[in-house]
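> Structure in structure tokens, see below.
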Amino acid sequence: MSLPKLIATAKLPTPFAVFTMRAYRSADGKEHLALTLGDLAAEGTPPLVRVHSECLTGDALFSLRCDCGFQLNAALEKIASERRGVLLYLRQEGRGIGLANKVRAYALQDQGADTVDANHQLGFPADDRDYGLAVAMLRDIGLCRIRLMTNNPAKLDALVRDGVEVTERVAIERGRNPYNAEYLDTKMTRMGHLIGARGES
């Protein structure tokens, strides 16, 4: 994978904190963001990091079919409470299959398929994301030791394989409701996500 190019940097005031926003462009032309807060080079506990893949329906349209928007808000709130950390926002909609294909997968779920089988019926893997971009962005920011906010062990393993030292996995469970309960259960039972009982230490 070609290294993403840093395009611009600016301040981003939010209800949680005033972040520094960095815009990157990857070789495929997609643009990604890194929101940083505080002194990331300070000694002591590694900064908290959330690697968040784009979810237009959950992040911007308040969808209750997933937990993405809830996780995004919780991550920003947690980073702000620690006054230090990073949120990477990657343009990997629908676990990498794109927005239109995600809507097609939703239609199959409306007919009874779970989130894994819906992707398979469309010819995609259950999760088609590539975290090499996240590793490259972290390196550009100057981070190699982090605490990772995730319930997804595959995401953690991918970062570690590429040389990121993850000193702690921080669970991030938010937003379970009647519309996404089956989706979350499928992520736990079929994709290995550490949710509920499986996420307890």
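The values are calculated or read from the model by the stated rules, or taken from the named source; none is laboratory data. These figures come from a predicted structure and were not determined experimentally. Note: ideal-geometry Cβ built from the backbone for every residue, glycine included; neighbour counts use all protein chains shown. Note: areas computed on protein heavy atoms with side chains; ligands, DNA, RNA excluded. Shrake-Rupley method; radii C 1.70, N 1.55, O 1.52, S 1.80 Å.
> Could you list, in sequence order, the residues of segment 125-168 that are buried (at least 19 other Cβ atoms within 10 Å of the Cβ) and without any contact (Cβ under 8 Å) to a residue 60 or more places away in the chain?
Within segment 125-168, Val135, Asn151, Asn152, Val164 qualify.
> Then there's this: Of the residues Ala105, Ala100, only one is surrounded by 15 or more Cβ atoms within 10 Å (Cβ to Cβ), small (Gly, Ala, Ser) and closer than 25 Å to His32 by Cα; which?
After applying the criteria, what remains is Ala105.
> Looking at Leu72 and the list (1) in contact with a Lys or Arg (Cβ under 9 Å, 6 or more places away or on another chain); (2) in contact (Cβ under 8 Å) with a residue 24 or more places away in the chain, which single condition is not satisfied?
(2)
> If you don't mind, another one. For segment 46-65, which residues satisfy the criterion of being surrounded by fewer than 22 Cβ atoms within 10 Å (Cβ to Cβ), farther than 16 Å from Tyr89 by Cα, in contact with a helix residue (DSSP H, G or I) (Cβ under 9 Å, 6 or more places away or on another chain) and not charged (D, E, K, R)?
Correct list: Leu61, Phe62, Ser63, Leu64.
> Can you find, within segment 22-40, the residue that is least open to solvent (accessible area, probe 1.4 Å) among those that are in a loop (DSSP other than H, G, I, E, B) and within 19 Å of Glu77 (Cα to Cα)?
Taking the candidates together, the pick is Leu40.
> Follow-up. Residues in segment 161-182: is at least one among the hydroxyl-bearing types (Ser, Thr, Tyr) and out of contact with any strand residue (DSSP E or B) (no Cβ under 9 Å at 6 or more places or on another chain)?
Yes, because at least one residue in segment 161-182 is among the hydroxyl-bearing types (Ser, Thr, Tyr) and out of contact with any strand residue (DSSP E or B) (no Cβ under 9 Å at 6 or more places or on another chain).
> Let me ask something else about it. Test Leu133 against the stated conditions and say whether it is aliphatic (A, V, I, L, M), modelled with pLDDT under 95 and closer than 21 Å to Thr36 by Cβ.
yes
> Looking at segment 155-201 only, could you name the residues that are among the hydroxyl-bearing types (Ser, Thr, Tyr), closer than 24 Å to Ile79 by Cα and modelled with pLDDT of 90 or more?
Scanning segment 155-201 gives a single hit, Thr167.
> Identify, please: which residue in segment 169-191 is assigned to a helix (DSSP H, G or I) and hydroxyl-bearing (Ser, Thr, Tyr) and is, among those, surrounded by the fewest Cβ atoms within 10 Å (Cβ to Cβ)?
Checked segment 169-191; the qualifying residue surrounded by the fewest Cβ atoms within 10 Å (Cβ to Cβ) is Thr189.
> Those residues that are modelled with pLDDT under 95 and of a type in the set (Val, Ile, Thr), I need them from segment 7-46; list them, please.
Listed by number, the list holds a single entry, Thr45.
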